[in-house]
Amino acid sequence: MKKILFNLTDAELAQFVENMGLPRFRAKQIREWLNRGAPDFSVMKNLPEKLRDDLNVAAQTLPLRVVKKLESSDGQTTKFLLGLGDGEQIECVLMRTSYGNSVCVSSQAGCAMGCKFCASTLLGLKRNLTVNEIYAQILVAQWELRTDRFSDKPIRPNGDANNGDVSHIVVMGTGEPLQNTENVIGFIERANSDMGIGWRKITVSTCGIVPGIRELTQWGRPINLAISLHAPTDALRSQIMPINNKYKINEVLDAAFEFSGLHNRQLMIEYILLAVRGENNEPELLNCTPEYAEKLSELLRGKNCMVNLIPWNAVDERDFVSPSGNAVHRFQDILIKNGIHTRIRRERGNDIGSACGQLRLKHTQD
């Protein structure tokens, strides 16, 4: 197996260079390229061509490589399927928005949570990702953004924000971050110190691993927390999210509001709107009936939170369907009437299957 230079310490990289019979300053040059997210050695133009060829034989740059890249038709979303050194695959998504460039990263290869509406869990959990493997996803996105700036591509939508570097991070890709809390925290610390991304521009999303939320509270950094709730009652949530059999809604929300209250941050409530096929093949609302809107309002009334309503992104292997636009807006209207801050998430990258796990699953099946 080729040596992964990104994983080496500065001392180890210097020794690697010396073992190749090269002066030590080459290690500094290589490190600068690695920190930019160089996908291979061919781009390292300040190194001699023969050295680049020799490095390509002996090593690789990052602990992952781009297997496939898809771009949405509007040019605002890029999805990457990334191959790891052991053959596992993960996904990350770059979203160019009016407020900056946001990257959604994976924390595990696969997922063990078993949520009934999700593609990520269909292949099961393979393993946790290391700090370097999570961080390298940001570098892949960063390299893409910088390549955009120096290419002949047309200027992307939303103006100058898209010409910058990565500005926001969401740990909301494949996997449950709080089953890999130590490495996720290590990644966030590194993104803050090495890339200068502020704590308040970093969001961790969890389906409700209460000990992990408590660990974030003890850690004490003022990041944003998102809870994948998706149902306002334990009976319904347990039906679609098996984790609810271990950590009930009230326990999850108590821990989450304790964390967000510590930093006076608004808690994000993620709520996927689901329907099933009923008689005559018509959508039958599952978790987004007016009754459930009232129950969700009762659960959250008076709390410092924002409900992010997400129309379901279809996964062929799942039996759900998307509710109608009228049903979505009726659900939102009830929440607003009850004083709950809410929005409907703008759909991004639907034409490239940007929902978690979709690209990885399709590539595995192919």
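Restricting attention to segment 70-91, the residues that are open to solvent by 10 Å² or more (accessible area, probe 1.4 Å), assigned to a strand (DSSP E or B) and more than 25 Å from LEU125 (Cβ to Cβ) add up to 1. Scanning segment 5-21 turns up one or more residues that are assigned to a helix (DSSP H, G or I), out of contact with any Lys or Arg (no Cβ under 7 Å at 6 or more places or on another chain), in contact (Cβ under 8 Å) with a residue 40 or more places away in the chain and among the aliphatic types (A, V, I, L, M). Note on segment 92-148: among residues that are open to solvent by less than 10 Å² (accessible area, probe 1.4 Å) and among the β-branched types (Val, Ile, Thr), the one that is nearest to GLU317 (Cα to Cα) is VAL105.
Residues being within 22 Å of the chain's Cα centre (by Cα) and of a type in the set (A, V, I, L, M) are represented in segment 40-62 by at least one member. For segment 293-322, residues that are open to solvent by less than 50 Å² (accessible area, probe 1.4 Å) and more than 26 Å from the chain's Cα centre (by Cα) total 3. Taking first residues from segment 234-255 that are over 27 Å from TRP219 (Cβ atoms) and among the hydrophobic types (A, V, I, L, M, F, W, C) and partners that are assigned to a loop (DSSP other than H, G, I, E, B) and open to solvent by 30 Å² or more (accessible area, probe 1.4 Å), the Cβ contacts under 7 Å between residues at least 6 apart in sequence or on separate chains come to ILE240/LYS116. Out of all the residues in segment 9-28, is one or more surrounded by 19 or more Cβ atoms within 10 Å (Cβ to Cβ) and touching a Phe, Trp or Tyr at 6+ places or on another chain (Cβ under 7 Å)? Taking every residue of segment 9-28 in turn, none turns out to be surrounded by 19 or more Cβ atoms within 10 Å (Cβ to Cβ) and touching a Phe, Trp or Tyr at 6+ places or on another chain (Cβ under 7 Å).
If you go through segment 292-335 and pick out every residue that is in contact with a strand residue (DSSP E or B) (Cβ under 9 Å, 6 or more places away or on another chain) and part of a loop (DSSP other than H, G, I, E, B), you end up with 9.
Take segment 323-366 and flag every residue that is open to solvent by 50 Å² or more (accessible area, probe 1.4 Å), over 23 Å from the mean Cα position of the chain (by Cα) and modelled with pLDDT of 60 or more. Hits for segment 323-366 are SER324, ASN326, HIS329, ARG330, ASP333, ILE336, LYS337, GLY339, HIS341.
The values are calculated or read from the model by the stated rules, or taken from the named source; none is laboratory data. All of these numbers come straight from a predicted model, not from anything done at the bench. No Cβ is skipped: glycine too gets one built from the backbone with ideal geometry, and neighbour counts run over all protein chains shown. Accessible surface is based on the protein model in full, side chains and every heavy atom, while ligands, DNA and RNA are left aside. Shrake-Rupley method; radii C 1.70, N 1.55, O 1.52, S 1.80 Å.
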